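Comments concern the structure below.
The values are calculated or read from the model by the stated rules, or taken from the named source; none is laboratory data. The model shown is predicted, which means the values in this text are computed figures rather than measured ones. Here the Cβ is made from the backbone with ideal geometry for all residues, glycine too, and neighbour counts use every protein chain on show.
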Amino acid sequence: MTNKVSTPADARIVGGNIRDLRKASKLTLKELSSLSGVSVATISKIETGKISGGFETIYKIARGLGVLVTDIMLAETTAAESIVVHASDGSDIHQTEIYDYFPQAYRRNGSLNTYIMQIRTREAPNKRDWSIHTGEEVIIVLSGVIDLLIEGSEAIRLEAGGSACFDCGCRHAFVSISPDDARIVSISTRGPTTRKDGHLVFSTGSEK
């Protein structure tokens, strides 16, 4: 079966996923607020579906939970997505203060998450904004030069055509070194997701 790329879930689903992931991680609202930099009131409103939060807010919450943004935005599906096709007109860009994300095709019940990323930051982000999640990640530099930062390791410089594969369970970030913003492909694995009694069941990383 061939489908178009999955559309973002609505606020109710996003909020429910955040609540399920927070409880699976045994975090209180206050603890998640401290990890993500998002206020308790905002997280509470998102969890109850009163507001959607916007991409950057969801991005920060995902960092605090140690999961991928797409894990939070997963909608329940029973469809057999053997092939998913994504054609972008450039309007589906997701922007944060440090990166721009261009979503690529992914299967909601699959194990891969793919983005083209534009790395806009020229200095190491706040540690709160470093990524951490289960699985592995492969990055390929399309243009420019980046430093790959992995917590506890020396920076790894990669030029266009260079690539790296690493454990996503270590906090990591990217910095543009070239005059123009670097662009990379990021492909990461994620744990299997299932639902029990309508709630998301997801294997979260233990490191925070």
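For this structure, a couple of remarks:
- Among the residues listed as Phe166, Phe174, Phe102, the single one being more than 19 Å from Ile72 (Cβ to Cβ) and in contact with a Phe, Trp or Tyr (Cβ under 8 Å, 6 or more places away or on another chain): Phe174
- Leading residue by the ranking (modelled with the lowest pLDDT) among those in segment 125-139 that are buried (at least 17 other Cβ atoms within 10 Å of the Cβ) and in a strand (DSSP E or B): Ser131
- Gly198 among the small types (Gly, Ala, Ser), at pLDDT below 95 and at positive phi: yes
- Condition check for Arg122: loosely packed, with under 15 Cβ neighbours inside 10 Å, part of a loop (DSSP other than H, G, I, E, B) and in contact (Cβ under 8 Å) with a residue 24 or more places away in the chain: yes
- Single residue of Ile93, Ile51, Ile132 found to be free of Cβ contacts under 8 Å to residues at least 12 places away in the same chain and of a type in the set (A, V, I, L, M, F, W, C): Ile93
- Filter result for Lys45 (modelled with pLDDT of 85 or more and either surrounded by fewer than 19 Cβ atoms within 10 Å (Cβ to Cβ) or part of a loop (DSSP other than H, G, I, E, B) (or both)): yes
- Looking at Ser176, Ser143, just one residue is crowded, with 16+ Cβ neighbours inside 10 Å, polar (S, T, N, Q) and modelled with pLDDT of 95 or more, and that residue is Ser176.
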